[in-house]
1. How much accessible area per residue does the range 1-91 have, counting only protein heavy atoms and a probe of 1.4 Å, in square angstrom?
2. Please pull out the direction-averaged projected area of the range 69-187, using the convex hull of its alpha-carbon atoms, in nm² to one decimal place.
3. May I ask you to give the percent of accessible area on the range 131-197 that is carbon plus sulfur, with a probe radius of 1.4 Å?
4. Just to be sure I understand: if I project the alpha-carbon convex hull of the range 172-287 onto a plane and average over all orientations, what area do I get in nm²?
5. Going by accessible area, probe 1.4 Å, with all protein chains left in place, what is the ranking of D315, D220, largest first?
6. List the trypsin sites (Lys or Arg not before Pro) within the range 1-89 that DSSP assigns to loop and that have no more than 16 neighbouring Cβ atoms inside 10 Å.
7. With the other protein chains left in place, how much accessible area per residue, in square angstrom, belongs to the range 266-356 at a 1.4 angstrom probe?
8. Can you tell which of N82, N240, N101 shows the greatest fluctuation in a Gaussian network model of the chain with Cα springs below 10 Å?
Amino acid sequence: MARIAIIPGDGVGVEVMKQAVRLLDVLSGEEGLALGWDEWDLGADRYLRTGTTLTEEEFTELSENYDAILLGALGDPRVPSNIHARDILLGLRFRLDLYVNYRPCRLLHPDLSPLRHGAERPMDLHIFRENTEGSYGGLGGNLREGTPQELAIQEDVTTAMGVERIVRRAFEFARERELGSVTLVDKANAMPHSGRLWRRVFREIAEEFPELESEMQYVDAMAMDLIRNPDRHEVLVTSNLFGDILSDEGAALTGGMGLAPSANLNPGVHALFEPVHGSAPDIAGRGIANPMAAARCVGLLMGYLGRGDLERAIDEVVTAAIAEGVTTPDLGGTRSTGDVGARLADGLAELLTTHP
Ligand code: ATP
């Protein structure tokens, strides 16, 4: 039995996770798929109530007793320091060593593209962002803070081990999916030290995958190319910082935050799935958050559990709902979070009975 810990978290996270659980309910009837889940009360409410973010016992239980974690979102205006989000989300990411941030950017419906030619050249891009190193390690500090002479150092850290494992995962993924190419995105002209390391390791690993084309492109050129040629690239592998930015660009080119799922993986060991969007305090509690990103996280979870067929089925029902206009206001519709969640759950149940 695959055990899943559900952390609805804060704001719209709670609303969209309710809909994700509806899909789990449908999926748990599938033959050959044994699923069990528990909901965890972690987030701003619990922090404000008890002063606790994530205890050691909770961390141990989450890491040892579950096959995967499904997280809604963390962030709440009542906790301006955001300490609970840092402790829980970054705590899990670093302590479970979730070194792969995987973000698929696929145009599910032609109307979702903001590009003039987006529909004729639909994006189907897989971004592998290094998730534990680079500029986001928090190394550095400030001197003479608050004065005109202030100095700030923000270190950018790259290790051969860190590069090797994310690049390898990107190539393995391309091979598993029988894709054609993997592209390294960097800024080796302006950042030559880390650039040399990324490029050396990338070339070495590419040799182990002779059937795949390997390319290298600077991040500024890639940012433009994704707009000019949205269907040109298949798999991108890149650093934490560039991956953060390019994957948001990819989300914007394929329907926006309400649709974008992500996986944080230590492949085969730990997995955490979360919508790319945050807790969206501006719309929380109004019943209008788009639950499709959360639904697609359930899809990524199914893929991770070896059920790519169910991942595709979830994308199919999301696409059908969009085509029918059963959408929340962010996609131009008038439906509520619950309406869309019900449409997805019913659609999935029907799809699974008609195409078992
Ligand atoms: P956080 O600080 O938790 O990341 P945020 O509001 O700063 O939250 P996001 O939650 O990513 O950042 O949201 C950015 C904007 O996108 C929100 O203000 C909201 O209007 C919109 N948005 C985000 N998620 C959704 C969603 N699921 N459905 C509809 N709109 C959304």
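The values are calculated or read from the model by the stated rules, or taken from the named source; none is laboratory data. Everything numeric here is computed off the predicted structure, so don't read it as measured data. All Cβ positions, glycine included, derive from the backbone under ideal geometry; neighbour counts span all protein chains shown. For accessibility, only protein heavy atoms count, side chains too; no ligands or nucleic acids. Shrake-Rupley method; radii C 1.70, N 1.55, O 1.52, S 1.80 Å.
1. 44 Å²
2. For the range 69-187, the mean projected area of the Cα convex hull comes to 12.3 nm².
3. 53 percent
4. Dividing the Cα hull surface by four gives the mean projection, 9.4 nm².
5. Correct descending sequence by accessible area is D220, D315.
6. R78
7. Value for the range 266-356: 40 Å² per residue.
8. Greatest mean-square fluctuation among the candidates belongs to N82.
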